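Here is the structure we will look at, set down as structure tokens.
Quick note: the coordinates plus some simple rules give every number you see, no bench work behind them. These figures come from a predicted structure and were not determined experimentally. Heads up, the Cβs are rebuilt from the backbone with ideal geometry, glycines too, and the neighbour counts pull from every protein chain shown.
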Amino acid sequence: MEASRVDSLNADIAARFDEIAQLLEVRQADRYRVDAYRRGAAALRELGRPVADILRHEGLEGLERLPAIGVILARAIRAFVETGRLPMLDRLRRQTDAVALLASVPGIGDRLAAQLHHHLGIDSLEALETAAYDGRLEETGGIGTKRLTAIRDSLARRLARVHTVAPAGPELSPQPDVADVLAVDREYRRRAADGSLPIIAPRRFNPEHRAWLPILHTRRGGGEYTALFSNTQRAHELGRTRDWVVLYVDAGMGERRYTVVTARVGALAGKRVVRGREAECLEYYRHRGRHRPAA
């Protein structure tokens, strides 16, 4: 592998780790989690070997031994080497408020981001890149050549796709215990009710750009969870936006997504249930009932 390719791949992953840290910070995620991605990005930039070679010759364990990497970041590196994508980053881009997303690009800032979004309708990094080349960014922001070049370079790296290096497909994290999923669901709904969570303005089904959606970042059972009320068309149609909770869990080998709802019929009626894992939920509640202290 050529040296330029080595530098490019390591730098591409580092840039994505930095962006994950930026977007997590926008969402007021745990400081340790934000710093972990920043430390990982710095370590990759200083690394003298290509991560693809380490993965090929030493496996996942070789990546885990790298300074400031560890299990979760090592698995994320493997996913990117094999697929050219980080699902967690894709999701964060989709869910982050458009103005905050644009402002996360060096050289844009909060004021210009708001102008670009509200006056030009720019709501994604791809749309911002187009504006950076068709003259709208210069015209709206009064941006000089040097600053414009830096913005274009930053966007090119953040939006770049690389060719896969290994033939293997993405490997999903093991299923988290259903008790952990339900525990995060309880914590999210409790904290959403008491107003202790940050509130974001979702981009979909929100023409007034109103901030209404609480968001939780937490760790449990070796996984990193993000929880939000469902903001789908179906949830709005049925009036379930304060009942259906969507949870994303990342243990480093790709994200898993779960929806937790209140069951309305059957043996689980009235109880919180993880869709697709109803049998496990039934066993969970039976086990919980057997061990509940008598009144």
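Return the FRET efficiency for the residue pair Glu278, Glu237: r is the Cβ-Cβ distance, R0 is 22 Å, and the value is rounded to the nearest 0.05.
0.45
Rounding to the nearest 10 and keeping the result within 0 to 90°, find how far the Cα-based axis of helix 125-134 lies from the longest principal axis of the chain.
20 degrees
What is the sum of charges, Lys and Arg at +1 and Asp and Glu at -1, for the other residues whose Cβ falls under 13 Å from the Cβ of Arg186?
Spelling it out: positives minus negatives among the neighbours equals +3.
Which of the GluC sites (Glu not before Pro) across region 175-275 are loop residues per DSSP, with 12 or fewer other Cβ within 10 Å?
Sites meeting the loop and neighbour criteria: Glu208.
Fully extended, how many nm does the chain gain between Ala156 and Arg191 (0.36 nm per residue separation, minus their Cα-Cα distance)?
The Ala156-Arg191 span can extend by a further 8.8 nm.
Kindly provide the helix-only [θ] at 222 nm of the chain, computed as the sum of -39,500 (n - 2.57) over DSSP H runs of four or more divided by all residues, to the nearest 500 deg cm²/dmol?
Using -39500 (n - 2.57) per qualifying helix, the result is -17000 deg cm²/dmol.
Show the residues, 5+ positions off or on another chain, whose built amide H is closer than 5 Å to the amide H of Ser104.
Close amide H contacts, sequence-distant or interchain: none at all.
Between the DSSP loop rule and a limit of at most 13 other Cβ atoms within 10 Å, which trypsin sites (Lys or Arg not before Pro) in region 12-78 are left?
Passing sites in region 12-78 are Arg65.
Report ³J(HN,Hα) in whole Hz for each residue of region 29-42, in order, from the Karplus equation J = 6.51 cos²θ - 1.76 cosθ + 1.60 where θ = phi - 60°; Gly and Pro get x.
With coefficients 6.51, -1.76 and 1.60, one gets 6, 4, 4, 4, 5, 4, 5, 4, 5, 5, 5, x, 4, 4 Hz.
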